[in-house]
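Asker: Below you'll find the structure I mean.
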Amino acid sequence: MTRVRQDVWGLGAGWNDTLLWYARAIRTLQSRPLTSSTSWKFLAAMHGIHPVVWREFGVTTENESMPSAAIQRRFWSQCQHQSWYFLPWHRGYLAAFEEIVRDAIVSAGGPDDWALPYWNYSDATQPTARTLPDAFAARTLPDGTANPLRVDRRFGSGTSPLQIDPRLVALDALQDTEFEGGEDDIPPGFGGPVTLFHHGPESQTTNGSLESLPHNVLHGAIGGSAPGRNPNDWRNLGLMSMPMTAALDPIFWLHHANIDRLWSVWLRDTRHKNPDQVSWLDGPTDRSFVMPRSDQSEWTFTARDVLDTTAPPLEYRYEDETPPVVDRRVVRRMSRLGARSAGDRMRESEDATVSPHQPPELIGASDGSVRVSGDTSAAVRLDAPATQQLRRTLTRAAAADAGTVAEPARVFLKLEGMRGTADAAIYHVYINLPPDADPVDHGDQRAGVVSLFGISAASDPDGPNAGSGINQVFEITDIVDGLHLSGADLAGLDVRFVPANSSVAAANFSIARLSVFKLER
């Protein structure tokens, strides 16, 4: 049976049968002990767990019985981030959760065609799309009992009801042509960089474009930080703000259902393809992905096993997979120009006849590390010869109305080695804003938005990342092209970080280096 995952707002405001059964099933899962692989807390720990944080938040107690160390190693802390496994692992995770929830629903007399709804917060045709669905804010179920969909640690930006800024749900990632990231993560790729099993390696890692926005940003926008309290202290953060607590919030699963749907939407464009390397299809080679089943059995899977959502063991489809109409201020030059992905490099090693693309060229960097605290600006000096060459390609492109001249180089800004503790913080990033300008009035200078989701764990010197931090990449070709056409001096760029809302205005983090890369044939 192929079940249909529906848009939660399409089910209507307030309570409906789908969410009522979801709430009842969660209550059932929450009643099960942590040692049960079908319990609410066990399933959440599969995404991430930190014993100290969970006890501080009241999720577990000091003397609570835990699964064996072997079970914890096999099942817990598996979530794949900053990796080309980000999408397939989370798809399998959702499927396992959905099957366990549906089993609880059917056992209680509910429908056997129940499917997890998704929250399409980017739907510009739905007036309420960016509002947290009503059922997740209600204090009680219709029968007057406590509502398990509501959590106290969901602060958002301090508004009630919780509203999402439209800039935080942009779907620029759907324009990316490559799934996997390129050399030096330039470009970052729709699905993320090529890795092995990736739950905190000992190296800096880069978010793929879909993981960056809207995935990471929505985590911070929903979880947030407690108003009036220090956003750099994890004790003040919402559940959705940190990977180690995110899956404890019932809205997590609807958010990830939408991210999974956007993968299907991306593939609707016939130019877009999943990786064809065996290392992705049948990987990772160093550790298997494993999920529990409602009957206490295990499901081990690879990316290959979850590509067709309508086939067993998944058997679902989305109500709407129509690609949205993207309102772009400039038509981005998103051909395969210079996109030498890691997949390209793998294929080149197998077929010596393939002509390699040029690697990305570093053309500028900050003089040193940058500390971002509130509204902060930082300078990036550009290499003069490289900038002159870049100007020549832009000039040729501006004169090539007939399309007979090669496209210009693409330009990327990379934030390398971001470290901090403010996981809920969200910053808008602007390039060369005019002096004293209100950033809101200069959307054409906005490079994008950076979320610090996961930064605490990535910055912990004693953690699996060894404190190496996280990288973020923005394509700024359009902005640099606009500066060139306006006659601006390209000797350097001014990068400005603007807090997304007042509740995280005091958040801060460091960046080891700001760098600018040029990518061309």
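The values are calculated or read from the model by the stated rules, or taken from the named source; none is laboratory data. Being a predicted model, the structure only gives us computed values, none of them experimental. All Cβ positions, glycine included, derive from the backbone under ideal geometry; neighbour counts span all protein chains shown.
Asker: If the requirement is being under 14 Å from residue 91 (Cβ atoms) and of a type in the set (Gly, Ala, Ser), which of these qualifies: 294, 288, 264? Lay out the reasoning, then the answer.
Answerer: Working: 294 fails: under 14 Å from residue 91 (Cβ atoms); 288 fails: under 14 Å from residue 91 (Cβ atoms).
Exactly one of 294, 288, 264 is under 14 Å from residue 91 (Cβ atoms) and of a type in the set (Gly, Ala, Ser), namely 264.
Asker: Oh, and also: Yes or no: residue 230 of a type outside the set (Lys, Arg) and in a loop (DSSP other than H, G, I, E, B)?
Answerer: Details: of a type outside the set (Lys, Arg): yes; in a loop (DSSP other than H, G, I, E, B): yes.
Taking the combined requirement at face value, the residue satisfies it.
Okay, residues lined up against (1) within 16 Å of the chain's Cα centre (by Cα); (2) surrounded by fewer than 24 Cβ atoms within 10 Å (Cβ to Cβ):
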residue	(1), (2)
224	yes, no
231	no, no
236	no, yes
257	yes, no
272	no, yes
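Asker: Continuing with this model, one more query. Within the range 1-24, how many residues turn out to be surrounded by fewer than 16 Cβ atoms within 10 Å (Cβ to Cβ) and part of a strand (DSSP E or B)?
Answerer: Final tally of qualifying residues: 1.
Asker: Shifting gears a bit: Answer yes if at least one residue in the range 96-119 is in contact (Cβ under 8 Å) with a residue 60 or more places away in the chain and within 30 Å of residue 506 (Cα to Cα), and no otherwise.
Answerer: Yes; the residues of the range 96-119 include at least one that is in contact (Cβ under 8 Å) with a residue 60 or more places away in the chain and within 30 Å of residue 506 (Cα to Cα).
Asker: Would you tally the residues in the range 114-143 being more than 14 Å from residue 249 (Cβ to Cβ) and either of a type in the set (A, V, I, L, M, F, W, C) or exposed (fewer than 15 other Cβ atoms within 10 Å of the Cβ) (or both)? Please lay out each step first, then the result.
Answerer: Of the range 114-143, the ones more than 14 Å from residue 249 (Cβ to Cβ) are 114-118, 120-131, 134, 138-143.
Now restrict to residues that are either of a type in the set (A, V, I, L, M, F, W, C) or exposed (fewer than 15 other Cβ atoms within 10 Å of the Cβ) (or both): 114-116, 124-129, 138-143.
Total satisfying the criteria: 15.
Asker: How many residues are in contact (Cβ under 8 Å) with a residue 24 or more places away in the chain, more than 16 Å from residue 496 (Cα to Cα) and in contact with a strand residue (DSSP E or B) (Cβ under 7 Å, 6 or more places away or on another chain) when one looks only at the range 365-385?
Answerer: The qualifying residues number 1.
Asker: Output the residues belonging to the range 154-170 that are under 25 Å from residue 135 (Cβ atoms) and surrounded by fewer than 19 Cβ atoms within 10 Å (Cβ to Cβ). First the steps, then the outcome.
Answerer: First, the residues of the range 154-170 that are under 25 Å from residue 135 (Cβ atoms): 154-166, 168-169.
Across the range 154-170, the qualifying residues are 158, 159, 160, 161, 163, 165, 166.
Asker: So which pairs qualify, if the first residue must be in the range 138-158 and polar (S, T, N, Q), the second must be part of a loop (DSSP other than H, G, I, E, B), the Cβ gap must be under 7 Å, and the two must be at least 6 apart or on different chains?
Answerer: Taking only residues 6 or more apart or on different chains, the pairs are 140/147; 147/138; 147/139; 147/141; 157/224; 157/501.
Asker: Among the residues of the range 153-177, what is the count of those that are within 23 Å of residue 446 (Cβ to Cβ) and either touching a Ser or Thr at 6+ places or on another chain (Cβ under 6 Å) or β-branched (Val, Ile, Thr) (or both)?
Answerer: At the first step, the residues of the range 153-177 found to be within 23 Å of residue 446 (Cβ to Cβ) are 156-159, 163-177.
Now restrict to residues that are either touching a Ser or Thr at 6+ places or on another chain (Cβ under 6 Å) or β-branched (Val, Ile, Thr) (or both): 157-159, 163-164, 169, 171, 173, 176-177.
Final tally of qualifying residues: 10.
Asker: Residues that are more than 26 Å from the chain's Cα centre (by Cα): find the strands (runs of 3 or more DSSP E) completely inside the range 403-521 holding 1 or more of those.
Answerer: Values: elements: 410-420, 426-431, 446-451, 470-475, 492-499, 508-519.
The strands (runs of 3 or more DSSP E) meeting that bar are 492-499.
Asker: Further question on the same structure: In the list 74, 27, which residue meets the criterion of being in contact with a strand residue (DSSP E or B) (Cβ under 7 Å, 6 or more places away or on another chain), surrounded by fewer than 20 Cβ atoms within 10 Å (Cβ to Cβ) and assigned by TED's automatic domain parsing to the domain that holds residue 103?
Answerer: Working: 27 fails: in contact with a strand residue (DSSP E or B) (Cβ under 7 Å, 6 or more places away or on another chain).
Just one listed residue meets the conditions, 74.
Asker: In the set 415, 362, which member is modelled with pLDDT of 95 or more, surrounded by fewer than 20 Cβ atoms within 10 Å (Cβ to Cβ) and either of a type in the set (A, V, I, L, M, F, W, C) or within 23 Å of residue 219 (Cα to Cα) (or both)? Give the steps one after another, and end with the answer.
Answerer: On the way: 415 fails: surrounded by fewer than 20 Cβ atoms within 10 Å (Cβ to Cβ).
Result of the check over 415, 362: 362.
Asker: Would you mind stating whether residue 146 is surrounded by fewer than 20 Cβ atoms within 10 Å (Cβ to Cβ) and of a type in the set (A, V, I, L, M, F, W, C)?
Answerer: Values: surrounded by fewer than 20 Cβ atoms within 10 Å (Cβ to Cβ): yes; of a type in the set (A, V, I, L, M, F, W, C): yes.
Answer is yes for this residue.
Asker: Hey, another quick one. What is the residue count in the range 453-470 for residues that are modelled with pLDDT of 85 or more and out of contact with any helix residue (DSSP H, G or I) (no Cβ under 7 Å at 6 or more places or on another chain)? Spell out how you get there, then give the answer.
Answerer: From the range 453-470, those modelled with pLDDT of 85 or more are 453-460, 469-470; that's our starting set.
Those left that are additionally out of contact with any helix residue (DSSP H, G or I) (no Cβ under 7 Å at 6 or more places or on another chain): 454-455, 457-460.
Adding up the residues that qualify gives 6.
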